[in-house]
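Okay, so here's the structure we're looking at.
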Amino acid sequence: MQTITERLASVQERIAVACEAAGRKVTEVRLLPVSKFHGARDVRTLAGLGCGSFGESQVQELASKAAALEDLDLTWVFLGHLQTNKAGLLARTAHEFQALDSERAAAALQRGLEASDRTMDVLLEVNSSGEASKFGLNPDEVPRLAEALVRYPRLRPRGLMTLAANTPDGRIVAASFETMVALRDRLRAESPGEWHELSMGMSGDLELAIAHGATCVRVGTAIFGPRVN
Ligand SMILES: *Cc1c(COP(=O)(O)O)cnc(C)c1O
């Protein structure tokens, strides 16, 4: 069994190798450890190894981990589907939301952010694989929500996020990533705000994502190991 320290090092090495192969700088790719299902203790260990930001997929779990680790200067990134009744709690506890996929959620988050006098970086979640089981906007719906964000000034648009198809067929995954790059480039040219970020790539497909220009890879299992308890 590898330790969490060894697993983090091996993920960092994979990222370095992928960047080298793609002719990119490692500083262009942010590693976001996804701590969902894992306890505050593991997060504390990773914080000690230099990780400052963590991803979660449930608002309640994010809020309780943030509270348990209040003594550390961490930032929290929400990756899950936002139910509007949780928008206030999210606004108070998270620093970034990578899965915005409706104007309704944007409006609820704007109200929460006003109430707590904060702002939040947001990425729009895109369903780039067309799988019915996935959340996210269809690619053709993205420009409209991107335009609408000017009405929610506490939300700072930063880019796009996707979960690629869950398949060993690299061509299908690559097609998802290509869709994302084209969309991001279109938003950068046509929509108000900053649309630089491409959050794509997880434990199984981070190399391919980096080859396609990912600026953030979200890694759970390869760092934390399989879910314990
Ligand atoms: C869980 C999760 C991840 C991490 O997935 P792994 O395959 O465990 O690396 C990344 N992104 C989102 C949105 C997730 O929910």
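Quick notes on this structure:
- Tally, over segment 209-221, of residues that are open to solvent by 30 Å² or more (accessible area, probe 1.4 Å), among the hydrophobic types (A, V, I, L, M, F, W, C) and within 13 Å of the ligand (Cβ to nearest atom): 0
- Residue check, Asp117 free of Cβ contacts under 8 Å to residues at least 24 places away in the same chain and more than 25 Å from Leu31 (Cβ to Cβ): yes
- Entirely in segment 37-125, the strands (runs of 3 or more DSSP E) that have 3 or more residues that are aromatic (Phe, Trp, Tyr), within 17 Å of Phe224 (Cβ to Cβ) and in contact with a Gly (Cβ under 7 Å, 6 or more places away or on another chain): none
- Residue check for Gln98: touching a Leu at 6+ places or on another chain (Cβ under 8 Å), within 16 Å of the ligand (Cβ to nearest atom), open to solvent by less than 20 Å² (accessible area, probe 1.4 Å) and of a type in the set (S, T, N, Q): yes
- Verdict on Arg171 being basic (Lys, Arg) and either farther than 19 Å from Leu206 by Cα or touching a residue at least 24 places away in the same chain (Cβ under 8 Å) (or both): no
Here's the yes/no breakdown for (1) over 17 Å from Asn127 (Cα atoms); (2) exposed (fewer than 13 other Cβ atoms within 10 Å of the Cβ); (3) more than 16 Å from the ligand (Cβ to nearest atom):
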site: Arg156; (1), (2), (3): yes, no, yes
site: Leu163; (1), (2), (3): no, no, no
site: Asp169; (1), (2), (3): yes, yes, yes
site: Ala189; (1), (2), (3): yes, yes, yes
site: Leu198; (1), (2), (3): no, no, no
site: Asp205; (1), (2), (3): no, no, no
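- Only one of the listed residues (Leu124, Leu149) is within 19 Å of Glu194 (Cα to Cα), in contact (Cβ under 8 Å) with a residue 40 or more places away in the chain and open to solvent by less than 50 Å² (accessible area, probe 1.4 Å). That residue is Leu149.
- Under the condition of being over 19 Å from Ala175 (Cβ atoms) and modelled with pLDDT of 95 or more, the residues counted in segment 190-224 number 13.
The values are calculated or read from the model by the stated rules, or taken from the named source; none is laboratory data. Small disclaimer: the values here were computed from a predicted structure and weren't measured. FYI the Cβ positions are ideal-geometry reconstructions off the backbone, even for glycines, and counts take in every protein chain you see. In case anyone asks, the SASA skips ligands and DNA or RNA and just uses the protein heavy atoms, side chains included. Shrake-Rupley method; radii C 1.70, N 1.55, O 1.52, S 1.80 Å.
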